[in-house]
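Engineer: Handing you a structure now.
The values are calculated or read from the model by the stated rules, or taken from the named source; none is laboratory data. Model, not experiment: these values are computed from the prediction. For neighbour counting, all protein chains shown are included, and Cβ atoms are generated from backbone atoms with ideal geometry for every residue, glycine included. Note: accessible area is taken over every heavy atom of the protein model, side chains too, but ligands, DNA and RNA are not part of it. Shrake-Rupley method; radii C 1.70, N 1.55, O 1.52, S 1.80 Å.
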Amino acid sequence: MNQKLIFTNLVGKAIDDLVDELGNPATYVIVDVNTAQYVLPTLTEQTHAVQNAHVITIKAGDVNKNLDSVQTVWKALHDAGATRNSVIINVGGGVVTDLGGFAAATFKRGIQVINVPTTLLGAVDASVGGKTGINFNGYKNEIGSFTEPLASIISTAFFVTLSQQELLSGYAEMLKHGLLENREELDTLLAYSVVYPIFDPERLLELLRRSVAVKQRIVEQDFTETGLRKALNLGHTIGHAFESLALRRQSPIPHGYAVAWGCVVSLVLSHLKLGFPSDVLHKFAQYVRTNYNAFDFSCDDYPALIEFMRHDKKNMTQDEIAFTLLADVGDPRVNTVVEPDDIRSALDIYRDLMGI
């Protein structure tokens, strides 16, 4: 992985250093309406690169991670005279880094990108690893590319602007990394409180460094997701289906919450098919139920959820649904084909575990 990962709370200096290394090209900052209000003024005070940049503002929320927003960015870049020598700085959460990265990868066949994630979810997941994309035709991340940014500047400096829901959403991806690492790391994460008033930014920055290292190690071995990188999709097959169902209901849910709930379903399937330890399953499910509540659905929603899963990009064919499962903590099994009957059974058990 060629992407630079910079862990620092001196974000302005890190941006200026990177832009200086590039020879101070024309700079474009992509923000959403929230980061434009709460983060951009601070960055403008801290860095010359942002002070002199052309700012492109998009609508906030996953529902706006779509082709219309990409076209807004493309048009703004075109109208401002952006070239392949320009640099884009994505300042925001996963929607901004996903969409901004995709717009940069496709405009004039590629512009350098610096990601400045302002959410915990963006820091641990979307800004690292080179995945870019947008939602299309009702499906999550249906269109995208593998294009690494020049760098991601990972900081906890802006997390004070986040709600408890946003912090928990990002922490779900860290819990997923803990499941992929080992029991000690998982137990450390389950024992840490990411919510106020216990939230400790400096401690969280260290946990972030360790969590991102899990993803970095996997991505370096399989950048284009032909094998091992699919382990990072733990919880996402069903999680994306939950998100798609929520979008159909016109009631979007946070991505990290969907991943947390999806991990519970995946651990149930892992127990049923691979003998994943039941004590870890119950401990994890209890943590998720306590902190994330539950995604509410009934057996009447099973056909829709299964149909959404059939459109998952990890499937080898449209007739099979492939999951990432775990034989144990730290022992992922990718491309595990699961039959619809087993999925229905796992959804039944999930509803029992989560008190639905």
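Engineer: Order H240, H177, H282, most accessible first, counting only protein heavy atoms with a 1.4 angstrom probe.
Structural biologist: Solvent-accessible surface, decreasing: H282, H240, H177.
Engineer: Given only helices, namely DSSP H runs of n ≥ 4 each adding -39500 (n - 2.57), what is the per-residue ellipticity at 222 nm of the chain, to the nearest 500 deg cm²/dmol?
Structural biologist: That comes out to -15500 deg cm²/dmol.
Engineer: Please report, in whole Å, how far the alpha carbons of the chain spread along each principal axis, starting with the longest.
Structural biologist: Rounded to whole Å, the extents work out to 56, 41, 36 Å.
Engineer: Note down the magnitude of the dipole of the stretch 157-249 about its Cα centre, charges +1 on Lys and Arg C-beta and -1 on Asp and Glu C-beta and zero elsewhere, to the nearest 20 debye.
Structural biologist: 300 debye
Engineer: For Cα pairs less than 8 Å apart in space and 6+ apart in sequence, what is the mean separation divided by the residue count of the chain, i.e. the relative contact order in percent?
Structural biologist: Reported relative contact order: 14 percent.
Engineer: Another one. Compute the Kirkwood hydrodynamic radius of the stretch 83-233, taking the inverse of the mean of 1/r over all pairs of distinct Cα atoms, and give it in Å to one decimal.
Structural biologist: 15.9 Å
Engineer: Another question about this same structure. When the convex hull of the C-alpha atoms of the stretch 271-315 is computed, what volume per residue in Å³ does it have?
Structural biologist: In the stretch 271-315, the Cα hull volume divided by residue count equals 121 Å³.
Engineer: If I fit a long axis through the Cα atoms of helix 164-181 and take the longest principal axis of the Cα atoms of the chain, what angle between them do I get, 0 to 90°, rounded to 10?
Structural biologist: 70 degrees
Engineer: To the nearest 10 degrees, how steeply does helix 67-80 sit against the main Cα axis of the chain, on a 0 to 90 scale?
Structural biologist: 10 degrees
Engineer: With the cut-off at 1.5 for a/c, could you classify the stretch 97-138 from its C-alpha gyration tensor as rounded, prolate or oblate?
Structural biologist: Here the stretch 97-138 falls in the oblate category.
Engineer: Taking Cα pairs under 8 Å and at least six residues apart, what relative contact order does the stretch 212-287 come out at, in percent?
Structural biologist: Worked out over the stretch 212-287, it gives 23 percent.
Engineer: To continue, here is another question. Assign unit charges at the C-beta atoms only (+1 for Lys and Arg, -1 for Asp and Glu), then state the dipole size of the chain relative to its Cα centre in Debye, rounded to the nearest 20. Walk me through the numbers on the way to the answer.
Structural biologist: On the way: 30 positive and 41 negative charges, 109 e Å.
So the dipole magnitude of the chain works out to roughly 520 debye.
Engineer: Further question on the same structure: Which shape class applies to the stretch 57-132: rounded if a/c is under 1.5, otherwise prolate when a/b exceeds b/c and oblate if not, where a ≥ b ≥ c are the square roots of the Cα gyration tensor eigenvalues?
Structural biologist: Taking the square roots of the gyration eigenvalues as a ≥ b ≥ c, the stretch 57-132 is oblate.
Engineer: Taking Cα pairs under 8 Å and at least six residues apart, what relative contact order does the stretch 106-148 come out at, in percent?
Structural biologist: Relative contact order comes out at 26 percent.
Engineer: Specify which residue in the list S345, L208, G144 is farthest towards the positive end of the charge dipole of the chain, using unit charges on the beta carbon of Lys, Arg (+1) and Asp, Glu (-1), about the Cα centre.
Structural biologist: Ranked along the dipole, the leading option is G144.
Engineer: Go ahead and set up a Gaussian network model of the chain, Cα springs under 10 Å, then flag whichever of V29, V337, V219 fluctuates most.
Structural biologist: V337
Engineer: Identify which of V288, V91, V128 has the largest mean-square fluctuation in a Gaussian network model of the chain, with springs joining Cα atoms closer than 10 Å.
Structural biologist: V288
Engineer: Restricting to the chain, compute how many DSSP beta bridges are antiparallel as a %, nearest 5.
Structural biologist: So the antiparallel bridges in the chain amount to around 30 percent.
Engineer: Can I ask one more? Exposed loop trypsin sites (Lys or Arg not before Pro) only (DSSP loop, at most 14 other Cβ atoms within 10 Å): please give the longest stretch of the chain free of them, not including the sites.
Structural biologist: Segment 85-248 is the longest.
Engineer: Can I ask one more? Order W74, W261, most accessible first, counting only protein heavy atoms with a 1.4 angstrom probe.
Structural biologist: From most accessible down to least: W74, W261.
Engineer: What residue among G235, G100, G330 has the largest mean-square fluctuation in a Gaussian network model of the chain, using Cα springs under 10 Å?
Structural biologist: Comparing G235, G100, G330 in the GNM, the peak value goes to G330.
Engineer: State the Cα centre-to-centre distance between the stretch 315-356 and the stretch 57-83 in whole Å.
Structural biologist: Cα centres, the stretch 315-356 to the stretch 57-83: 36 Å.
Engineer: Checking the a/c ratio against 1.5 first, then a/b against b/c, what shape does the Cα gyration tensor give for the stretch 162-278?
Structural biologist: Verdict is rounded for the stretch 162-278.
Engineer: Further question on the same structure: Once the other residues with Cβ under 14 Å from the Cβ of L22 are scored (Lys, Arg +1; Asp, Glu -1), what is the net sum? Mind dumping the intermediate values first?
Structural biologist: Values: positive: K4, R84; negative: D16, D17, D20, E21.
Value of the local net charge: -2.
Engineer: Compute the accessible area per residue over the chain, keeping the other protein chains in place, probe 1.4 Å, unit Å².
Structural biologist: Spelled out: the 1.4 Å probe surface of the chain, per residue, equals 40 Å².
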